[in-house]
Amino acid sequence: MSLLQLDHLQVNIGQQAIVRDVTVNLDAGEIGCLLGPSGCGKTTLLRAIAGFQSVAAGSISLASKTVSAPAFTQAPEKRGIGMVFQDFALFPHLTVEQNIRFGMRHCSAVEKQLRVDELLDRIGLPGYQQRFPHELSGGQQQRIALARALAPRPRLLLLDEPFSSLDAELRERLAVEVRALLKQEQITALLVTHDQQEAFAMADKAGVMYQGELLQWETPYQLYHQPRHQMVADFIGHGVLLQGTVNASGAMASPLGMLEHPSLEDVEGGTPVNFLVRPDDLVPDPSSRLRGKIKARGFRGAHNLYSVELVSGVEVLTLSPSHEQLQVGADIGLRPDFDHLVVFAADHCELPGFHNHAPSFRPVLPKAQPA
């Protein structure tokens, strides 16, 4: 059953459309995530769902009941929505227990006490009832902020960059813990972040926004391996977009040499394309005829991430186990090994990046079918 429905939603600030034609369905118990660069409209969309921002077109529904439309906005306090902010927003003069009890206005004293104790156990902070926020670490404060939002048992929880002020290792660990807690509580949630690792650790469904538009809304796996827009391919994960041309036999001439793949079989011969190359698509291989020079090396724990300049001048990325460290400036052979070959029509696009302009989002054209 769909709990949250956004139907062709548009949100304006002044005369400017900040969110345009966004359609999303989030089922009860699912965790969704909106990704995208700063200024893409993520937080504005979240504020509209919460009821803090009016709607210019389309609608927002909760459990099939419209809560926002151009002529109607239900008050935020009547929506049954909880919210967790990036700055925690705990009351500094209240204890942990008082902070968590704050939203439970219609419960008895006994119910409040049981709920506080239950949530503190679930977030791993039993016995912290009488502590004050300034006596807690950043990670502990975020857990308390989450417990406060969950205390009234909202039907939908909104999280706005909830881990942005924490260090990277703690962010990823908390994301996993928060997902487990939301599943235990059977709470539907929508997270806004620019951090892909947070999104992948938490979300059942995720989407990428750019300049107010939702480009794709699917599982994190599909966003990574099956991006349907070049901006999604460029934004999600490490990788580069290279140019190639598909010939009549279905092979592609590219900076990596001639490539053959089932995904090219339906492409019209002579079509210029862009294709996505991720680090795991190129395997270091001393015997390969595809050669390049290592320009940079980044340590990633179990692996090193290498930037390699090919003879053609194109730069690509590859991974190698960190115990087999290769030197910057060294020659390296690379063997293409594509599990998924993601291909887009190349017209009206500039390479190698899309961060400073809006590309034309158009999937690769299929072959013309005989009449």
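The values are calculated or read from the model by the stated rules, or taken from the named source; none is laboratory data. Bear in mind the structure is a predicted one, so any value in this text is a computation, not a measurement. Cβ placement follows ideal geometry from the backbone for every residue including glycine, while neighbour counts extend to all protein chains displayed.
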Out of curiosity, is Gly39 within 20 Å of the chain's Cα centre (by Cα), outside any strand (DSSP E or B) and free of Cβ contacts under 8 Å to residues at least 24 places away in the same chain? yes
On the given criteria, is Gln197 on the phi > 0 side of the Ramachandran plot, in the same structural domain as Cys107 (by TED's automatic domain parsing) and surrounded by fewer than 23 Cβ atoms within 10 Å (Cβ to Cβ)? no
Yes or no: region 60-78 includes at least one residue that is under 23 Å from the mean Cα position of the chain (by Cα), in contact (Cβ under 8 Å) with a residue 60 or more places away in the chain and surrounded by 17 or more Cβ atoms within 10 Å (Cβ to Cβ). yes
For region 66-102, give me each residue that is within 30 Å of Asp167 (Cα to Cα) and assigned to a loop (DSSP other than H, G, I, E, B). Phe85, Gln86, Asp87, Phe88, Ala89, Leu90, Phe91, Pro92, His93, Leu94, Thr95, Phe102
Can you tell me which residue among Arg115, Arg131, Arg105 is part of a loop (DSSP other than H, G, I, E, B) and surrounded by 13 or more Cβ atoms within 10 Å (Cβ to Cβ)? Arg131
Show the residue pairs meeting these rules: Cβ distance below 8 Å; 6+ apart or different chains; first residue within region 154-177 and farther than 30 Å from His106 by Cβ; second residue at pLDDT 80 or above and aromatic (Phe, Trp, Tyr). Leu170/Phe163; Arg171/Phe163; Ala175/Phe163
If I go through region 243-287 residue by residue, how many of them are of a type in the set (Ser, Thr, Tyr) and either buried (at least 16 other Cβ atoms within 10 Å of the Cβ) or over 21 Å from Leu334 (Cα atoms) (or both)? 4
Let me spell it out: the conditions are (1) farther than 21 Å from Gly32 by Cβ; (2) among the hydrophobic types (A, V, I, L, M, F, W, C); (3) touching a residue at least 40 places away in the same chain (Cβ under 8 Å), and Met231 meets all of them except one. Which number is the exception? (1)
Here are Leu215, Leu223, Leu242: which of them is touching a Leu at 6+ places or on another chain (Cβ under 9 Å) and in a strand (DSSP E or B)? Leu242
Out of Gln74, Gln86, report the one residue that is farther than 22 Å from Gln186 by Cβ and touching a Pro at 6+ places or on another chain (Cβ under 7 Å). Gln86
